[in-house]
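Here is the structure we will look at.
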Amino acid sequence: MNTEDVDRFEKLAGQLTGIYEEMSLLSKKNPADAVNKFKLKFINQHVAECNVMLGAKYRPFSDFDQFAEDDIPLNSDVVFIVSQYLQCLEKLRGDNVIQRNGTWFWKVKGKKGESVDKEGFTLVRTSQPKRLKD
């Protein structure tokens, strides 16, 4: 990963968390209601971006690419899938961050012009991975 990947990761994880929270509320009210096409378009867009970001190593299901637009999923289906993607994003974060002086950082390949350590890595501040404790 590099600094652009980290920026993309942080944006994608934040947006996916928002989708999860919104869909969880809808699912609690009416779990068997179908997702409308407007929301499904954006959900599929984010799932596709996650598939690229996670790669084969971190992807939650090797045989799931996105929801079929002809077979509209239920609110509870979306919550289930998005929660799996959030868990896998956290696994990716947890495998690529370090803690220094109580602060969490991504350890990523540095580019020309960036301050790098002797191994060529730079640190990008991040939040603590949800599954890791201090």
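The values are calculated or read from the model by the stated rules, or taken from the named source; none is laboratory data. Keep in mind the model is a prediction, meaning the values are calculated, not measured. Cβ coordinates were reconstructed from backbone atoms using ideal geometry, including for glycine residues, and neighbour counts include every protein chain displayed. Heavy atoms of the whole protein, side chains included, go into the accessibility calculation; ligands, DNA and RNA do not. Shrake-Rupley method; radii C 1.70, N 1.55, O 1.52, S 1.80 Å.
Which sequence of L86, L16, L25 reflects their accessible areas, 1.4 Å probe, from the largest down? Write down the numbers at each step before the final one.
Working: L86 30, L16 0, L25 110 Å².
Final ranking, largest accessible area leading: L25, L86, L16.
Which value, in debye to the nearest 20, describes the size of the charge dipole of the chain about its Cα centre when Lys and Arg Cβ atoms bear +1, Asp and Glu Cβ atoms bear -1, and nothing else is charged? Don't skip to the answer; put the middle values down first.
Numbers: 21 positive and 20 negative charges, 123 e Å.
Here the chain has a charge dipole of around 580 debye.
Rounded to a whole number, what % of the accessible area of the chain do carbon and sulfur atoms account for, probe 1.4 Å?
Working: 4190 of 8380 Å².
Carbon with sulfur: 50 percent of the solvent-accessible area.
Find the accessible area per residue for the chain; the probe is 1.4 Å, ligands and nucleic acids are left out, and the unit is Å².
Details: 8380 Å² over 134 residues.
That works out to 63 Å² for each residue.
Over the chain, with a Gaussian network built from C-alpha contacts below 10 Å, which listed residue (G14, G113, G55) shows the highest mean-square fluctuation?
In the Gaussian network model the winner is G113.
At most 15 other Cβ atoms within 10 Å and a DSSP loop assignment: could you name the trypsin sites (Lys or Arg not before Pro) in region 33-134 that fit?
On the way: sites: K37, K39, K41, K57, K91, R93, R100, K107, K109, K111, K112, K118, R125, K130, R131, K133; in loops: K111, K112, K118, K130, R131, K133.
For trypsin sites (Lys or Arg not before Pro) across region 33-134 that sit outside H, G, I, E and B with at most 15 neighbouring Cβ atoms in 10 Å, the list reads K111, K112, K118, K130, R131, K133.
Along the positive direction of the dipole of the chain (beta-carbon charges: Lys, Arg +1; Asp, Glu -1; about the Cα centre), which of A32, L92, Q45 reaches farthest?
Farthest along the dipole direction, towards plus: L92.
What relative contact order, as a whole-number percentage, does region 1-124 give when Cα pairs under 8 Å and 6 or more residues apart are counted?
Working: 124 pairs, mean separation 37.4, N = 124.
This gives 30 percent for region 1-124.
At A48 and D63, where each label point lies 7 Å from the Cα along Cα→Cβ, what is the point-to-point distance in nanometres?
Simple spin-label model gives 2.3 nm for this pair.
Pairs to check: K11/K109; K28/K107; K39/K111; K107/K130; K57/K109; K41/K111. Give those whose C-alpha atoms are more than 29 Å from each other in this structure. Show your work: numbers first, answer last.
On the way: K11/K109 19 Å; K28/K107 38 Å; K39/K111 37 Å; K107/K130 17 Å; K57/K109 19 Å; K41/K111 35 Å.
Cα-Cα > 29 Å for K28/K107; K39/K111; K41/K111; rest within.
Select from S83, S27, S62 the residue whose mean-square fluctuation is largest in a Gaussian network model of the chain (Cα-Cα springs shorter than 10 Å).
Judging by the Gaussian network model, the answer is S62.
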